[in-house]
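Visitor: First the structure, which I've put down as structure tokens, then a few questions once you've had a look.
No value in this document is a laboratory result; all are computed from the given coordinates. Every value quoted in this text rests on a predicted model; they were computed, and no experiment measured them. As a convention, Cβ positions derive from the backbone with ideal geometry for all residues, glycine included, and neighbour counts pool all protein chains shown.
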């Protein structure tokens, strides 16, 4: 059933319907960051079945729900997705879009928190790889109204990472003088895995993907601690970017989860991506609200 109109929005919150698809995709893409994939009908349908799939969560007991804040013409004015687990009394607000309109954000958050009232803990904007439903956290600077609405609703927030972006040249990317990584297809995410080996032992790895809209994502890049300081990360990233450009990607994005990194690791990561042309778009935040 639809919720009664909120006093400051003159709109009602109701369950998502198939005919809302186009309007919801417009809401999501309105807050799209540079390099972020556009929301497709297939991805939105998949989110209705499991909105946390991109974060690697499993939900055997979860019941994903997508709710719409509809205007007086019954068109989507905002959308929120959330899920809960009754056995552990935990809920997650997966994503929230309302064109940064504070009354709409308040109405949707109020609805979700009421639906999750039995949960002792509610997480919001949990970490995930950047994708068509979000960049893996809340962009604190670009979505300040959503940040403020979460705090007003009793959530506490913390910085968990950074969203970086770079354009890729239209001309073919200059291939590295020597290919250092072996290339393998990857099923999830659909793309490629690049692995550098020391003999038979993998010592550095990257996972990259190109979407149909020619946006690319660097999902993972890591060098084993015993082999750091040898330039393997720079060589691996160079080969990965050359591969993405060869596959006609025009821009690339990545998320750095540096919430638990030490200062020296953070500086090394920043130098690597700075040298490869990536720039900071926004800080990503995650939120949590606890009940006694």
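Visitor: So between residue 18 and residue 152, what do we pick up on full extension, going 0.36 nm a residue minus the alpha carbon distance?
Guide: Full-extension gain reported as 45.1 nm.
Visitor: So what is the relative contact order of the chain, in percent, for Cα pairs below 8 Å that sit 6 or more residues apart?
Guide: Averaging sequence separation for qualifying contacts and normalising by length gives 20 percent for the chain.
Visitor: Give the average over all directions of the projected area of the C-alpha convex hull of region 167-283, one decimal, in nm².
Guide: Approximately 7.8 nm², given one-decimal rounding.
Visitor: Right, something else. For a bin width of 5 Å, list the pair-distance distribution of the chain built from all Cα-Cα distances, rounded to whole %.
Guide: P(r) for the chain, in whole percents per bin: 1, 5, 11, 15, 17, 15, 12, 9, 7, 4, 2, 1, 0, 0.
Visitor: Right, here's the next one. Where in region 195-227 does the label zone of residue 40 land, with the point 7 angstrom along Cα→C-beta and an amide N cut-off under 15 Å?
Guide: The answer is 209-217.
Visitor: Pull up the DSSP beta bridges for region 167-283 and report the antiparallel fraction as a percent, rounded to 5.
Guide: 85
Visitor: Nearest-5 percent of antiparallel DSSP beta bridges in region 12-157?
Guide: Roughly 80 percent of the beta bridges in region 12-157 run antiparallel, per DSSP.
Visitor: Using a 7 Å offset from Cα along Cα-Cβ at residue 32, what residues in region 150-168 end up with backbone N under 18 Å from the label point?
Guide: 164-168
Visitor: Using just the C-alpha positions of region 65-180 as equal point scatterers, what log10 of I(q)/I(0) does the Debye formula give at each q in 0.10, 0.18 1/Å?
Guide: The calculated log intensity ratios at q = 0.10, 0.18 Å⁻¹ are -0.39, -0.95.
Visitor: Tell me the relative contact order for region 12-157 as a rounded percent, counting alpha carbon contacts under 8 Å between residues six or more apart.
Guide: 24
Visitor: Shifting gears a bit: Would you please give the FRET efficiency between residue 75 and residue 224, computed as 1/(1 + (r/R0)^6) with r the Cβ-Cβ distance and R0 = 35 Å, to the nearest 0.05?
Guide: 0.10
Visitor: Measure off 7 Å from each Cα along the Cα-to-Cβ vector at residue 195 and residue 118, then give the distance between these two points in nanometres to one decimal.
Guide: So the label points at residue 195 and residue 118 sit 4.5 nm apart.
Visitor: Test of understanding: ordering 120, 65 by Cβ neighbours within 10 Å, fewest first, what list do you get?
Guide: With the fewest neighbours first, 120, 65 line up as 120, 65.
Visitor: Ok, one more. Antiparallel DSSP bridges in the chain: what percent, to the nearest 5?
Guide: Of the beta bridges lying entirely in the chain, close to 90 percent run antiparallel.
Visitor: Another question, if that's okay. Can you work out the FRET efficiency for the pair residue 270 and residue 88, with r the C-beta to C-beta distance and R0 = 45 Å, to the nearest 0.05?
Guide: E between residue 270 and residue 88, to the nearest 0.05, is 0.75.
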